[in-house]
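Data first, discussion second: the structure below is written as structure tokens.
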Amino acid sequence: MTHENLPALLRPLDGELPVEARNLANSLRVLFNGLEISVRRYAVRCSRDAGAISRYLNGSRIPPWEFILDLVRDVAAHRGESIKEETLQLLRDQHDAAVKTQGNPASLLRVTQLQLAEADRKSQQSAIQIEVLTRALQDRQTLLGNVELQLRELRHRDALVELQIDRVTEERDELLSQRSNLQSEVAALREELKRATLRAQELEAECSSLETKVAALEGPEEVEALAPGVMAVGILDLVGFTRLSKRLDEKELIDLIERVRRVCAQVSAMTGARFFHTRNSDISFVAPTARAGAETAVLLSESETNAMLEDLEAEPQIGICYGQVYATAGIMLGTVVALAERLSSIAPRGKILADSVLVEQLCAESALHVPGEVGDSYEAKPMWQRPVRGLGVVEPWLLERASMNPGIGPGK
């Protein structure tokens with residue numbers, strides 16, 4: 001290798017990396033050094049982003065399992081060696097451990113999908129093993145039947161041909177030995193077939209369980225795409241959800257996620273809001289009017305709703321805005337979406353922060369008394385102005401259900 005072809009030195013690992021991420025990064029760096037090329041050159045070779053590969057090798061981002069498989073194949077091809085199963089198992093265990101440290105439903109979904117794929121692969125191997133053992137057992141049983149037939153014929157010949165007693169005895173002893181060996185092989189194959197059948201049943205049960213788990217983590221498919229337009233958009237941030245998910249086992253976490261979904265479905269039935277996207281501990285919702293959006297946010301923050309999630313150990317922080325929302329491929333876009341996210345992150349525990357546009361629209365809708373609109377009267381109190389990253393200085397409003405005074409709006 002010439003001096004120009006020497007790979008670029010990898011940056012030292014961050015000292016604050018979790019142990020699981022550090023172990024995976026060290027293994028990937030050892031593999032990558034075997035290619036003897038730079039990160040940029042490997043990125044061009046495999047049509048990937050060089051920055052993403054650098055973050056994978058530095059431990060700052062957990063790579064997808066497909067990237068690890070491609071790297072193992074490239075190193076094996078470069079060295080002219082075959083891929084070792086123990087190497088793949090070590091990397092798979094390190095990757096699962098690193099992903100689980102993230103502690104969010106998306107990570108658990110990815111780990112579970114990989115576990116399902118591995119269980120399915122083992123199930124297929126088990127089925128092939130059963131077929132091979134079954135054929136071997138049939139062959140041995142056929143041979144055993146032939147030997148038994150020859151023994152019967154030989155005994156008959158032994159009784160009729162005494163002159164050939166020596167030769168017949170030798171042949172008989174040989175056949176008896178063959179029969180004993182075949183009987184031992186048949187018994188061993190039957191036991192192995194029994195174990196393989198039980199293993200196949202266990203793997204099928206595991207596949208069924210993992211499919212149910214994947215379906216629960218993926219959630220229901222979106223039936224109708226979100227049409228762009230002017231609407232109320234809110235972000236519910238369940239503070240403490242990620243920390244809580246690390247303490248729960250998989251069944252408890254899935255049950256908790258289902259309870260959150262049921263609460264959202266009940267609120268949706270009352271207000272007409274759509275809960276269409278969940279990311280980690282953030283839940284998004286949209287409503288066609290400011291009153292429907294405000295009622296949705298108030299219901300999510302009230303104690304009656306929180307009582308349904310008493311095991312959650314997390315108080316909601318809600319940001320809600322009103323304005324033009326764009327949508328593509330199931331993703332909401334627009335300034336109001338970004339502002340709602342920022343407001344949810346700075347809202348007090350168990351409270352709602354709204355922008356001034358939603359407050360003004362809510363005041364206008366309340367004055368119109370549109371028949372069929374949901375919600376009671378609300379109060380909006382101005383908060384202090386503050387800078388919001390990427391959106392300049394804003395003055396949020398603290399929105400809550402009114403106790404006595406039905407009027408809302410700036411200056412009230």
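Observations
- Checked against the criterion of being in contact (Cβ under 8 Å) with a residue 24 or more places away in the chain, touching a Leu at 6+ places or on another chain (Cβ under 6 Å) and assigned to a helix (DSSP H, G or I), segment 159-173 contains not a single residue that satisfies it.
- Counted residues, segment 344-363 - those being of a type in the set (Gly, Ala, Ser), buried (at least 18 other Cβ atoms within 10 Å of the Cβ) and not in a helix (DSSP H, G or I): 2
- Counting only helices (runs of 4 or more DSSP H) that sit completely within segment 1-98, those holding 2 or more residues that are within 30 Å of residue 122 (Cβ to Cβ) and among the acidic types (Asp, Glu) correspond to 65-79.
- Which listed residue, of 134, 112, 142, is closer than 30 Å to residue 254 by Cβ and either touching a Phe, Trp or Tyr at 6+ places or on another chain (Cβ under 9 Å) or assigned to a helix (DSSP H, G or I) (or both): 112
- Members of segment 203-225 that are at pLDDT 75 or above and open to solvent by 70 Å² or more (accessible area, probe 1.4 Å): 204
- Residue, modelled with the lowest pLDDT, within segment 374-393, restricted to residues that are open to solvent by 60 Å² or more (accessible area, probe 1.4 Å) and either closer than 21 Å to residue 268 by Cβ or not in a loop (DSSP other than H, G, I, E, B) (or both): 376
- Test for residue 301: is it touching a Pro at 6+ places or on another chain (Cβ under 9 Å), closer than 30 Å to residue 363 by Cβ and either at pLDDT 80 or above or not aromatic (Phe, Trp, Tyr) (or both): yes
- Qualifying residue in segment 36-44 (condition: at pLDDT 90 or above and among the small types (Gly, Ala, Ser)): yes
- Any hit, segment 127-150, residues being exposed (fewer than 11 other Cβ atoms within 10 Å of the Cβ) and farther than 28 Å from residue 198 by Cβ: yes
Let's see how each residue does on (1) open to solvent by 30 Å² or more (accessible area, probe 1.4 Å); (2) modelled with pLDDT of 85 or more:
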residue	(1), (2)
306	yes, no
311	yes, no
317	no, yes
342	yes, yes
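- Residue within segment 89-100 that is in contact with a helix residue (DSSP H, G or I) (Cβ under 8 Å, 6 or more places away or on another chain), surrounded by fewer than 16 Cβ atoms within 10 Å (Cβ to Cβ) and modelled with pLDDT of 90 or more present: yes
- Test result for residue 278, modelled with pLDDT of 90 or more, out of contact with any Leu (no Cβ under 7 Å at 6 or more places or on another chain) and open to solvent by 20 Å² or more (accessible area, probe 1.4 Å): no
- Criterion applied to 49, 120, 14 was being open to solvent by 40 Å² or more (accessible area, probe 1.4 Å) and at pLDDT 90 or above, and the one residue passing it is 49.
- Filtering segment 394-411 to residues that are surrounded by fewer than 13 Cβ atoms within 10 Å (Cβ to Cβ) and modelled with pLDDT under 85 leaves 403, 404, 405, 406, 410, 411.
- Among the candidates 260, 230, residue that is assigned to a strand (DSSP E or B) and either surrounded by 16 or more Cβ atoms within 10 Å (Cβ to Cβ) or at pLDDT 85 or above (or both): 230
The values are calculated or read from the model by the stated rules, or taken from the named source; none is laboratory data. If you're wondering where the values come from, they're calculated on a predicted model, not measured in any experiment. Cβ: placed from backbone, ideal geometry, glycine included. Neighbour counts: every protein chain shown. With ligands, DNA and RNA removed, areas are computed over all heavy atoms of the protein, side chains included. Shrake-Rupley method; radii C 1.70, N 1.55, O 1.52, S 1.80 Å.
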